[in-house]
Every structure is written in C-alpha cells, then in structure tokens.
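What follows draws every value from the coordinates through simple rules; no lab data is involved. Predicted model, so just to flag it, every value in this text is computed and none were measured. We place every Cβ from the backbone using ideal geometry, glycine too, and count neighbours over all the protein chains shown.
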Amino acid sequence: MALSGLKINKLLPGTNCKECGANTCMAFAMKLAAQKAMLSECPYASEEAKQILGAASEPPVKGVKIGTEKVSSLGEETVFYRHEKTFVNKSVIAINVNDSDDLDIVEKIGAYTLIRVGEELHIDAIAVTQKGDDDRFAAVSKKIYEKTSLPLILRASALSGLDKASAAIAGSKSLLSGITAADAEAAQQIAKRDGQVLGVTADDLDGLYALTSQLKAGGFNDLVIEFKTYSTSEAFQTNSIARKAALKNSVKPLGYASLRFIDTGNALEDFIAAVTEIDKYGGILVLPSFDPAQLVTLMTLRQNIYTDPQKPIQVEPKLYPIGEPDRNSPVFVTTNFSLTYFLVAGEIENSGISAWLLIPECEGMSVLTSWAAGKFSGGYIAKFAKELDLESLVDARTFIIPGFIAPESGELEEGMPGWKVLVGPQESADIESFVKSVLVKA
Ligand code: SF4
C-alpha cells in the first residue's frame with residue numbers, strides 16, 4: 001500500500017540538506033508520496049528506508065511478462081476503476097488449440113491483424129491443450145511456437161507432459177498452467193530450468209493465497225493465478241475480490257494477474273465470459289476457438305477500456321495525403337484526436353476526391369473541445385501551416401475547416417493571406433455531400 005508523506009518523512013534522515021533538490025526532507029517525502037521523485041535522489045537514505053519504500057512502491061498487482069519475441073505484459077495495476085488513473089496492461093487474448101487439431105489454424109491466428117484508430121491489434125498468445133501423449137504435446141507445442149513466435153500457455157494432462165513441452169520451447173517465457181500445490185515444487189524446477197512463468201490454481205482463494213506465498217518464499221515469483229470458478233458471475237465476483245484485496249488491503253499473495261480458460265460449450269456464454277474478463281480485471285483470457293468476427297468486438301472493447309482516459313488516442317500532427325492529392329488539391333483541417341482523424345479521412349476517401357488533411361497538435365482533443373480550450377483557433381492553424389511550409393507544397397490555397405469552428409475562418413484567412421477558407425460541415429458524415437455540392441460543383 002502506498003505510504004503517506006508523513007510516514008515516509010519518518011524514514012528520511014531529517015537533515016534538510018537539500019541535496020535531493022527539495023528544501024526539506026518533508027518536502028521530498030511529499031514528492032515521493034505523489035510518485036514525483038525517486039528515493040535514489042536522496043544520497044543519505046538508509047537501507048531500512050530503501051527496503052520499506054521499495055516494497056511500498058511495488059505495484060499491488062505484480063508485473064510479469066510472457067513471450068520473448070512477441071512479448072505481452074501483465075499486471076502492474078494500481079487502481080480499481082479506470083477513471084481513477086488508468087489501467088496499465090491490457091488483458092491478453094489467447095486462442096486455444098488442441099494438440100489433436102489441424103495446425104493450419106495456427107497460421108491464421110498468427111496472421112490475424114485488426115487496425116483500429118491507427119493501432120495494429122494482434123492475438124497475443126496461443127494456449128495448447130494436451131489431448132494426445134506427452135511426445136505429441138511437446139512436438140505440437142514446439143511446432144506452434146516455431147510458426148508464430150507467440151508465447152504459449154501449456155495446458156497438459158499431467159506434469160510429465162508439461163515437463164516435455166516446456167523443455168521443447170525452453171527460453172520462450174511461456175506459461176505452464178494448472179499448477180496445484182501438489183505439483184508446485186516440481187513445476188517450479190521446470191519453470192526455472194526453462195525460463196517459463198507458472199500459472200497456479202487451487203480450489204479457493206485461501207488455497208491460492210497459500211500457494212503463491214509458498215512459491216514466493218521459495219524464490220519463484222513469476223506467477224499468474226487461475227481461479228476455479230464455475231460461472232461468469234462467479235468469475236466476475238472472484239476477479240473483483242482478488243483485485244480489491246490486492247489494491248485496497250495489500251494482500252500481496254492475491255496480487256497477480258489472472259488466467260481463465262473460457263469454454264462453456266455455448267458460444268454466447270463464451271462471448272459474455274470474455275467480455276466480463278476484459279471488463280473486470282482479466283489478465284489472460286483463452287478463447288476456445290478462433291473467430292475473427294468475435295475478435296473484432298473483443299479487441300475494440302479492450303482497446304477502449306485500456307486506453308488512458310487522461311491521454312486520448314492521437315495521431316501525429318502533420319499534413320496527411322488522402323488518396324493521391326497534388327498541388328491543386330484542397331486542404332481539409334481537423335484535430336489530432338484519432339477517432340476524429342479516421343472519421344474525417346474516411347469520409348474524404350468516400351467522397352471520391354483526393355485531398356490534403358492538415359492535422360495540428362490539439363492534445364488529442366475533439367474539434368469542439370480543442371476549440372474551447374484555445375487549441376484550434378484560426379491563428380493556431382495558420383501558425384502550424386506556416387511551420388510545415390504548406391504554401392510551398394500546395395497551390396490550390398483552399399482550406400476547409402470543420403463547421404463547428406466557423407468563427408475562426410476570418411482569423412485563418414488573416415493568418416494565411418491569399419488563402420480561401422471554406423466552412424465545411426459540422427459532422428464528418430456530411431463531408432461527401434459537401435464535396436459534391438461545393439467542391440466538385442465549383
Ligand atoms: S537529500 Fe535526503 S537528507 Fe537531504 S533534504 Fe533530501 S531527503 Fe533530506
């Protein structure tokens with residue numbers, strides 16, 4: 001749990017020497033409490049202070065990475081609700097493949113790509129479930145890893161299968177799942193030998209508490225926890241209890257990312273379970289099969305939840321070509337909020353013309369918000385256009401600004417003498433009709 005400034009101050013030397021840049025130890029303690037300074041900035045911090053503050057500054061949900069070539073990060077969460085700050089590491093989406101399946105599906109899983117608001121989204125991992133003997137399980141796991149380089153989640157029938165498959169993909173930082181207290185010691189040796197992560201499970205939270213504590217005390221802490229739950233509502237409740245225990249009550253043995261295999265036997269139930277995991281603290285969710293249509297929805301949901309609410313998704317401020325514009329093409333203007341950019345760019349494309357799209361730095365805000373904040377005025381747009389030397393790139397001298405900032409047209413014309421400013425529609429959906437009725441006609 002985070003320590004208060006007063007408690008931190010008691011651990012500092014109290015000499016007020018100012019070498020850390022703060023006027024007093026108390027001022028430095030307040031900065032540490034607000035996570036605006038590092039203890040290493042005080043050269044006189046005692047070993048005791050380093051130990052206590054080091055432990056206190058660890059995230060309540062332990063961070064762990066799976067994969068080496070394609071890496072997914074898990075945990076490191078510090079808040080219960082997204083709006084308090086942000087969620088840190090998005091839920092990992094994995095697809096289950098049985099070792100008896102036709103492996104053509106693996107190529108499709110590895111190649112799956114969804115581009116949404118400028119971000120490329122992929123499947124993060126593959127779970128391999130043992131159906132045959134240990135040799136087959138190991139051979140198929142190796143083949144899948146070689147084909148995709150994705151981290152694997154190995155689900156074996158027994159420890160012997162896990163042992164062989166782990167050795168076959170040693171060094172891949174994959175996840176050995178289903179480890180119970182009975183197998184913990186042996187599994188830990190396998191994971192240490194092959195550089196893997198362990199997914200531990202128990203009948204209830206008390207059992208998990210004891211198991212993670214035992215492994216951590218034995219020096220192994222690259223863990224995720226797999227709750228045994230029997231319905232989506234129970235999973236929702238258990239995920240929430242564990243997250244709350246870790247965050248609010250500093251229960252470190254439950255402060256690990258979770259793993260859940262989803263396979264209710266009913267496609268709709270599976271989908272609801274996956275949505276619940278993404279909504280409520282799921283670390284890794286393993287889908288029973290590869291369904292591209294379902295993935296679009298899940299990845300879109302995940303992208304929305306794991307976007308920092310204080311940092312809107314943005315595109316780079318610059319001049320974008322839409323289609324194949326030339327020196328006689330008009331220049332549309334909008335903000336660098338990703339969603340706005342992609343909507344406007346898409347509607348210009350749909351209109352059938354080629355054009356330039358000028359995107360100034362607006363801190364990722366929408367048109368009206370950035371305008372209200374003074375970040376999208378006529379003068380500001382003109383200044384950005386001059387910085388890009390727009391006049392040397394375009395002869396047409398026509399700006400089209402969003403209808404919402406119509407009052408800025410005069411200031412933009414003043415800032416860019418010789419340019420004509422047309423007031424476009426307020427909604428991007430009306431760009432096509434605007435182009436046909438105003439630009440093409442002209
Ligand atoms: S450097 Fe350390 S001892 Fe000196 S003022 Fe800062 S916190 Fe206090």
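Only Cα sites of the range 64-305 enter the Debye sum here, all with the same form factor; the resulting log10 I(q)/I(0) across q = 0.11, 0.12, 0.13, 0.17 1/Å is -0.52, -0.63, -0.75, -1.34, listed in q order.
Karplus-based coupling profile of the range 381-392, in residue order and whole Hz: 5, 4, 4, 5, 4, 5, 4, 7, 6, 4, 5, 7, with θ = phi - 60° in 6.51 cos²θ - 1.76 cosθ + 1.60 and x standing for Gly or Pro. Size descriptors for the chain (Cα atoms only): Rg and Dmax, in that order, 27.3, 80 Å. Here the Kirkwood formula, the inverse mean of 1/r across different C-alpha pairs, assigns the range 101-232 a hydrodynamic radius of 15.6 Å. Positive contributions from Lys and Arg (+1) and negative ones from Asp and Glu (-1), summed over other residues with Cβ under 10 Å from the Cβ of Ile313, come out at 0. Just so you know, the Cα atoms of the range 5-57 work out to an Rg and Dmax of 9.5, 26 Å. Packing order of peptides 252-260, 129-137, 271-279, highest average first: 252-260, 271-279, 129-137 (average count of other Cβ atoms within 10 Å over each peptide's residues).
Can you tell me the length gained on complete extension of the stretch Lys192 to Thr264, counting 0.36 nm per residue apart and subtracting the Cα distance?
22.6 nm
Residues Asp430, Asp104, Asp99, arranged from fewest to most other Cβ atoms within 10 angstrom of their Cβ, appear as Asp104, Asp430, Asp99.
Where in the range 26-42 does the label zone of Ser250 land, with the point 7 angstrom along Cα→C-beta and an amide N cut-off under 20 Å? Under 20 Å, as judged by backbone N against the label point of Ser250, lie 29-40 of the range 26-42. Distance between the 7 Å Cα→Cβ label points at Ala181 and Ala293: 4.6 nm.
Step through the table entries Lys143/Lys280; Lys108/Lys318; Lys10/Lys62; Lys50/Lys244; Lys147/Lys252; Lys248/Lys375, compare each Cα-Cα distance with 29 Å, and write down the pairs that go over it. Show your work: numbers first, answer last.
Values: Lys143/Lys280 33 Å; Lys108/Lys318 35 Å; Lys10/Lys62 27 Å; Lys50/Lys244 26 Å; Lys147/Lys252 37 Å; Lys248/Lys375 39 Å.
As for pairs spanning more than 29 Å Cα to Cα, those are Lys143/Lys280; Lys108/Lys318; Lys147/Lys252; Lys248/Lys375.
What is the Cα radius of gyration of the range 167-306 over 2.2 N^0.38 Å, N being its residue count?
On the way: Rg = 15.6 Å, N = 140, 2.2 N^0.38 = 14.4 Å.
Rg over 2.2 N^0.38 Å, computed on Cα atoms: 1.08.
If you wrap a convex hull around the Cα atoms of the range 299-382, how much volume per residue is inside, in Å³? Mind showing how you got there, number by number?
On the way: hull volume 8.8 nm³, N = 84.
Each residue corresponds to 104 Å³ of Cα convex hull volume.
Legend: distances between Cα atoms for Lys85/Lys311; Lys131/Lys164; Lys31/Lys90; Lys164/Lys192; pairs beyond 19 Å are Lys31/Lys90.
What does the helix-only formula give at 222 nm for the chain: each DSSP H stretch with n ≥ 4 adding -39500 (n - 2.57), the total divided by the residues, and the result rounded to the nearest 500 deg cm²/dmol? The helix contribution divided over the chain gives -11500 deg cm²/dmol.
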